[in-house]
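Asker: Sharing a structure with you now.
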């Protein structure tokens, strides 16, 4: 099989698997299902599948894809640290309505009526950081190594998507936080700018040259013309 085709197939599988986690919370907040049920049916299997893909990449001599996914995971985790620093500052200044990871935790462990405990907090924060890792995978699979401003735009788009999603409505702040105040969109935007900058910075720092899936597809079309 053509090397580009193998790379594209693995990349598409990784892209689909990484897209599952961030969308589960949105589906839950839209009222379609319980996050605890979705975690068992989709979240855990998708995480396992991603790490299986990493192993497959090493086995079939597509180490670049495996390293690409791992780089995306670490970049997303680092980006989430930056996001959380900004979000925590905004929360303490009244720019956020509540602690989102704690909400994720009680929904994951189906204890919304009981409130958070240690295990639900661990689950919520783990899920929150895995979402960051998932976005890191999505970004690096799509565009590969690019200038940091690509990741900056990516981060802003995630923030905008969050503010117009059912999550914002379910939190009681409304689209773009119109029912909460200007502090909400400012905090969310700055937090996701921090995420994008750190995401792009980490990928730039890595000695990493593999292109994203868009470039791989272009290479196939280029080779068919020759």
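Asker: Top mean-square fluctuation among 76, 196, 57, Gaussian network model of the chain, C-alpha springs under 10 Å?
Answerer: 57
Asker: Springs between alpha-carbon pairs under 10 angstrom, Gaussian network model over the chain: which of 130, 119, 149 fluctuates most?
Answerer: Looking only at 130, 119, 149, the largest GNM fluctuation is found for 119.
Asker: Which angle from 0 to 90°, rounded to the nearest 10, does the C-alpha axis of helix 63-92 make with the longest principal axis of the chain?
Answerer: The angle comes out at about 20 degrees.
Asker: Ok, one more. Calculate how large, on average over all directions, the projected area of the Cα convex hull of segment 16-139 is; give the answer in nm² to one decimal.
Answerer: About 8.2 nm², averaged over all directions.
Asker: Mind checking the alpha-carbon convex hull of segment 109-149 and giving the volume per residue in Å³?
Answerer: Cα convex hull per residue, to the nearest whole number: 91 Å³.
Asker: What distance in nm separates the simple spin-label points at residue 9 and residue 64, each placed 7 Å from Cα in the Cβ direction?
Answerer: Result for the modelled spin labels: 1.7 nm.
Asker: Quick one: helix 148-163 against the long Cα principal axis of the chain, what's the angle to the nearest 10°, folded into 0 to 90?
Answerer: Tilt relative to the chain: about 40 degrees.
Asker: Working only with C-alpha atoms, what are the Rg and Dmax values of segment 139-194, expressed in angstrom?
Answerer: 12.9, 39
Asker: May I ask you to give the average projected area over all directions of the convex hull of the Cα atoms of the chain, in nm² rounded to one decimal?
Answerer: For the chain, the mean projected area of the Cα convex hull comes to 13.4 nm².
Asker: Among 28, 80, 118, determine the one that fluctuates most according to a GNM of the chain built with springs between C-alpha atoms less than 10 Å apart.
Answerer: Taking springs between Cα atoms under 10 Å, the residue moving most is 118.
Asker: Here is a follow-up. Taking the 0 to 90 degree range and rounding to the nearest ten, how far is the long axis of helix 213-225 tilted relative to the main principal axis of the chain, both from C-alpha atoms?
Answerer: 30 degrees
Asker: Now a separate question. As a check on your grasp of the helix formula, calculate [θ] at 222 nm for the chain: sum -39500 (n - 2.57) over DSSP H runs of n ≥ 4, divide by the residue count, round to the nearest 500.
Answerer: It comes out at -25000 deg cm²/dmol, rounded to the nearest 500.
Values quoted throughout were computed directly from the atomic coordinates according to the rules given, and no laboratory measurement underlies them. In this text the structure is predicted, and so the values were computed from the model without any measurement. Every residue, glycine as well, gets a Cβ built from its backbone with ideal geometry; the counts of neighbours run over all protein chains shown.
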